[in-house]
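Beneath this line is the structure, given in structure tokens, with notes to follow.
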Amino acid sequence: MGCHASAQGFDHIVDFFTMHPNKRQAAADSAIYSAKIIISPVVTYSPETKLALGFGAKGLFKFKGSGEETRTSNMPISVSYTLENQILVYSGFEIFTPQEKYMVKGNIRFQKFPRLFFGLGRDSFSADQENYEFNQILFEPILLKRIPNTYLFVGGGLRYNHISDVEVDSEGLLARGEIEGGLGSTSAGAELAAVYDNRNNLLNAKQGWFVEFTHGFYGNTLGGTQKFQLTRLDVRHYTQPTKDKEDVLALQLVMDMTWGNPPLSELGALGGPELMRGYYEGRFLDRHYIAFQAEYRKQLIGRLGAVAFVGFGDVAPSLKDFEWGNLRFTGGLGLRFLVERKERLNLRFDTGASKERVHYYFNLAEAF
């Protein structure tokens, strides 16, 4: 009785922070999806930002004429200020038109961000770290059309990534101006894209595949400062390996590869709160980056769940320089708390360990 009452009480709290912009229309017509805008305070923690405070809004909706065959569109935005004097504004969105004939996805980011730089290559030393600060504006919209009777979407878009107002240690490596784009850069160009996505849920899938491939061409035509090409591949698979309908095994492979003359901001970066947890984001940087992770997700009791994860990855100046014996390893455990039942939105707390140290992460939504 007590657990049921406390669960209802939390549902009331979530409802208090949830707006239903089309409540009347949805009540009058069962074919209309009841859209939600979940507004909440944002409290996150990672080694890159330390404690971050702010607010977030996550829009969950479907366009008129969308049925069960159309997955819920996800339009989040978060604004945070951290104890490291960082300002972050971010949105990573996935929007489906009725019957999923089209998908619009992409990223919008603005941040004023102090970071650590350890040098280039897989053999950089943590003792050589130096501080640098920069402003970033990133805008990346991609429009994709669905191939009929498949889960494959193809299309393209634009990407603009502007790094400015860079401040570096006067005695550090970046101050010498020898690293391409180390004192600022603009990447501007067109992208080709293909996405295969049959996940049953965008925020926390139990089953399905997600494969995203993009290849970008960057140069001076649209105002860029370097000429290069960037290929990204993100492959994810979700399956339920036991009879327990809540257990999920999630797998992910990521590859970032650059050719030409890429700036510092576009190099493959190992570490972070989503992949290779346990390493500082950008701990190792190079032209090519490959990483794999596996995560087992188990529901414990009520809204509480737990995960265990492992990861392997490395950076290299070229694809032929990768060696199995050089892969770095991370692993860790985490707790989950279910915030929104229908869309399976979790709060997550992860502890990730690497050879160098242990890092802690507190955030909204799964790592992948």
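The values are calculated or read from the model by the stated rules, or taken from the named source; none is laboratory data. Everything numeric in this text was worked out from a predicted model, so none of it was measured. Cβ atoms come from the backbone with ideal geometry, glycine included; neighbour counts cover every protein chain shown. The accessibility values were calculated without ligands, DNA or RNA, using every heavy atom of the protein model including side chains. Shrake-Rupley method; radii C 1.70, N 1.55, O 1.52, S 1.80 Å.
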Taking Gly272 as the residue in question, decide whether it is buried (at least 21 other Cβ atoms within 10 Å of the Cβ) and either under 16 Å from the mean Cα position of the chain (by Cα) or not hydrophobic (A, V, I, L, M, F, W, C) (or both).
yes
Only residues that are surrounded by fewer than 16 Cβ atoms within 10 Å (Cβ to Cβ) and aliphatic (A, V, I, L, M): list them for segment 53-69, please.
Leu53
All positions within segment 164-211 that are under 29 Å from Ala294 (Cβ atoms) and small (Gly, Ala, Ser):
Ala193, Ala194, Ala205, Gly208
Report, by residue number, each residue of segment 43-77 that is free of Cβ contacts under 8 Å to residues at least 24 places away in the same chain and among the acidic types (Asp, Glu).
Glu68
For residues in segment 98-115 being open to solvent by less than 40 Å² (accessible area, probe 1.4 Å) and at pLDDT 90 or above, which is nearest to Asn131 (Cα to Cα)?
Gln111
Do we have any residue at all in segment 80-88 that's among the hydrophobic types (A, V, I, L, M, F, W, C), under 30 Å from Glu167 (Cα atoms), surrounded by 18 or more Cβ atoms within 10 Å (Cβ to Cβ) and at pLDDT 75 or above?
yes
Selection status of Leu327, among the hydrophobic types (A, V, I, L, M, F, W, C) and under 30 Å from Asn261 (Cβ atoms)
yes
Can you tell which of Lys298, Lys342, Lys320 is open to solvent by 60 Å² or more (accessible area, probe 1.4 Å), without any contact (Cβ under 8 Å) to a residue 60 or more places away in the chain and closer than 25 Å to Pro263 by Cα?
Lys320
Odd one out for Phe213, checked against (1) free of Cβ contacts under 8 Å to residues at least 24 places away in the same chain; (2) of a type outside the set (S, T, N, Q); (3) in a loop (DSSP other than H, G, I, E, B)
(3)
Of all residues in segment 314-353 being part of a loop (DSSP other than H, G, I, E, B), in contact with a strand residue (DSSP E or B) (Cβ under 9 Å, 6 or more places away or on another chain) and not acidic (Asp, Glu), which is farthest from Tyr45 (Cα to Cα)?
Ser318
Residue within segment 160-182 that is assigned to a strand (DSSP E or B), among the hydroxyl-bearing types (Ser, Thr, Tyr) and either surrounded by fewer than 17 Cβ atoms within 10 Å (Cβ to Cβ) or more than 21 Å from the chain's Cα centre (by Cα) (or both) present
yes
Quick check on segment 29-52. Is at least one of its residues among the polar types (S, T, N, Q), surrounded by fewer than 16 Cβ atoms within 10 Å (Cβ to Cβ), at pLDDT 90 or above and more than 26 Å from Phe284 (Cβ to Cβ)?
no
Output yes when any residue across segment 276-284 is open to solvent by less than 10 Å² (accessible area, probe 1.4 Å), touching a residue at least 60 places away in the same chain (Cβ under 8 Å), among the acidic types (Asp, Glu) and in contact with a Gly (Cβ under 6 Å, 6 or more places away or on another chain), and no when none is.
no
